[in-house]
Every structure is written in structure tokens, then in C-alpha cells.
Amino acid sequence: MNNETDDIITSLRKELRLTRILTVISIVVTLILFVVVFWMQRTVKTTVEPLSEQLAEMDMETLNSIMSNLEEVTEEIAEADIDWEKLAETVNSLDVDAVNEVIQGLDTEAFSEMLINLNEAIETLQQLGNNMGSSLQGWLFGGD
């Protein structure tokens, strides 16, 4: 009987030793996984943080209006009856060198000044029209 008890105790000690070894292995694997997850979290944080700051700085209303305008333009293009093959042929037939020469020959400063003068003239005409409209309205309706 004593022999059987010793055998059982020996068997239990082997099982306990195996259990301890498996526990130590599990702890080591868990620690390694913890370190890996912690490292990945820091890496993701350093990557995402600047992106989240940029998103926070963005004007969402402007972005939404741009996206809705883009959707409208995309829908208009989709609904338009465009012959894409003909358009591609036309673009391919352009003489790019000639276009570049024309662009290089442009006097952009003179063009900019012309646009500024044109905008000023338009503003002046609008003001004149507003003033004349106010005067005419006052004269017709007996205002001041």
C-alpha cells in the first residue's frame, strides 16, 4: 500500500511540475504579447495623433460643401451625354508644344493688371447702378 501511495505521489509531482512549466510558459507568452500590444499602441498613437489634430483643425462645413459640390459635378458628368472617345481623340490631337509656346509668350503681369482693372470697373458700375437705382426710386416714389 505504501508503494502505491508513493507511485501516486510521484505521479502527482510530475503533473505538478508539468503544470508549473506550462504556467511559466503562459506567463512569459502573456508578457511578450503585452509588450507587443503596448508597442503597437504607441506606434498607432504617434501615427494617428497628427491626423486627428489635422481633422480637428478642418472646417467640416466647408468640407461638406466641397463634397456635396463634388457629388453634384460627378452626377452632372454622369448624366451628360459625353462622347469620351471623341474627347480623348481631341485631347490627343492637341499640339502640346504649340500650347506651351503660347503659354510661355503670355504676359501674366499685364493680364493680372487687366483683370484688376476689369474688377474695379465692374465694382464702379455696380455702385453707380445702385446709386442710380436709389435716386430713381426716391424720385419716383417721393422718397428723400
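The values are calculated or read from the model by the stated rules, or taken from the named source; none is laboratory data. These numbers were taken from a predicted model, which means no experiment stands behind them. We work out accessible area using only protein heavy atoms, side chains counted, and drop any ligands, DNA or RNA first. Shrake-Rupley method; radii C 1.70, N 1.55, O 1.52, S 1.80 Å.
Given the condition modelled with pLDDT of 80 or more and over 32 Å from the mean Cα position of the chain (by Cα), answer yes or no: does some residue in segment 54-69 qualify? Talk me through it step by step, then tell me what you get.
Going residue by residue through segment 54-69, those that are modelled with pLDDT of 80 or more are 67-69.
The next check asks that each one be over 32 Å from the mean Cα position of the chain (by Cα); those that pass are none.
Checked against the condition, which is being modelled with pLDDT of 80 or more and over 32 Å from the mean Cα position of the chain (by Cα), segment 54-69 yields no hits at all.
Quick test of your reading of the structure: Gly105 fulfils all but one of (1) modelled with pLDDT of 70 or more; (2) open to solvent by less than 90 Å² (accessible area, probe 1.4 Å). Name the failing condition by number.
(1)
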